[in-house]
Each structure stands twice: as structure tokens, then as C-alpha cells.
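Enquirer: Mind looking over this structure? Questions follow.
The values are calculated or read from the model by the stated rules, or taken from the named source; none is laboratory data. Everything quoted here is computed from the prediction, not taken from an experiment. In this analysis, Cβ positions are derived from the backbone assuming ideal geometry, glycine residues included, and neighbour counts consider all displayed protein chains. Protein only, heavy atoms only, side chains kept; ligands, DNA and RNA dropped before computing areas. Shrake-Rupley method; radii C 1.70, N 1.55, O 1.52, S 1.80 Å.
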Amino acid sequence: MNTPSDLKYTSTHEWVRLEGDTVTIGITDHAQSELGDIVFVELPTVGRALQQEEEFGNIESVKSVSPLYAPVAGEVVAVNEALGARSELVNGDPYGDGWMVKLRVSDASQVEALLDADAYQAVAEH
């Protein structure tokens, strides 16, 4: 299981990369592996305000449909438009080209409170 140490994680298998006042969010390598082949990703509109832990979209695989949750509160400033035509990017590069949304963070302390790589691996292995 690939779990980069420079990211933060949630127990619902989202990852977060903080850059200034913006976070990039996607699902973890573990999550995409468990889901199997991703066939569709539903994402929010730019400008939408999200609360921490609010459902912001869905990811559909050949096995199931799973909700996506906002790890932190903020405003959607970008969505990965490429996933509309190429949802398999989530399987191939979950921490790179398979990112989902970017949020302008309301409270940076929410990012710090998320799981580090070691803590996430302990959650994911159970």
C-alpha cells in the first residue's frame, strides 16, 4: 500500500495535500485498490462551500458506489475535469493525476488534526 508521508489522511480514505491556503483532495491508494476499476466520479461545482466531513460527491467502481467526504471545511476552487472522461486516472495515479478537488481552506488547524501516514496505515490495515 502506497502511503506518502508528506500527506494527511482521513479514516474514510481521503488524502489531503496542503499548499498555502489550498488543499488538494483525492482518495488513497488503499481505497482505489479496494474499489477496483473506477468507472465514474461525481464532483461538486466550483464555488461550493463544504463543511468538514460533508459528502461532496461519489466514486463509482465496477463493485460499488462510495461517497466522498470533505476532510476539511472550505470553498471548492477547482475540480479535476479530466476525471469526467478518464476516471481510471484514480486507479493509475491516486496521488497525482487522479486528484479530485481543491479547496480554499477555512481553518488550517483542521488539516493538522488529520491522520499522518503511519496512523492512516494502522486504520487501513483493519
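Enquirer: Exactly one condition in (1) open to solvent by 40 Å² or more (accessible area, probe 1.4 Å); (2) touching a residue at least 12 places away in the same chain (Cβ under 8 Å) is not met by L50; state its number.
Expert: It fails just one condition, (1).
Enquirer: To continue, here is another question. Assess whether F56 counts as being assigned to a strand (DSSP E or B) and open to solvent by less than 50 Å² (accessible area, probe 1.4 Å).
Expert: Judged against the criteria, F56 is a match.
Enquirer: Considering each residue of segment 30-47, count those that are hydroxyl-bearing (S, T, Y) and open to solvent by less than 40 Å² (accessible area, probe 1.4 Å), and give that number.
Expert: The qualifying residues number 0.
Enquirer: Moving to a separate point now. Can you tell me which residue within segment 1-29, out of those that are outside any strand (DSSP E or B) and open to solvent by 60 Å² or more (accessible area, probe 1.4 Å), is nearest to L43 (Cα to Cα)?
Expert: Out of the qualifying residues, it is T12.
Enquirer: Next question. Quick check: anything in segment 75-98 in a strand (DSSP E or B), of a type in the set (S, T, N, Q) and either touching an Asp or Glu at 6+ places or on another chain (Cβ under 8 Å) or modelled with pLDDT under 95 (or both)?
Expert: No, because not a single residue in segment 75-98 is in a strand (DSSP E or B), of a type in the set (S, T, N, Q) and either touching an Asp or Glu at 6+ places or on another chain (Cβ under 8 Å) or modelled with pLDDT under 95 (or both).
Enquirer: Same structure again: Report the residue count in segment 73-105 for those that are open to solvent by less than 20 Å² (accessible area, probe 1.4 Å), in contact (Cβ under 8 Å) with a residue 40 or more places away in the chain and among the β-branched types (V, I, T).
Expert: The number of residues fulfilling the criteria is 2.
Enquirer: Next up: If I ask for residues that are in contact with an Asp or Glu (Cβ under 8 Å, 6 or more places away or on another chain) and assigned to a strand (DSSP E or B), which ones from segment 99-126 would you list?
Expert: L103, R104, V105 - these are the residues of segment 99-126 that are in contact with an Asp or Glu (Cβ under 8 Å, 6 or more places away or on another chain) and assigned to a strand (DSSP E or B).
Enquirer: I'm trying to understand the selection: among the residues of segment 106-126, which are farther than 15 Å from T24 by Cβ and open to solvent by less than 20 Å² (accessible area, probe 1.4 Å)?
Expert: Answer for segment 106-126, where residues must be farther than 15 Å from T24 by Cβ and open to solvent by less than 20 Å² (accessible area, probe 1.4 Å): A117, Y120, A124.
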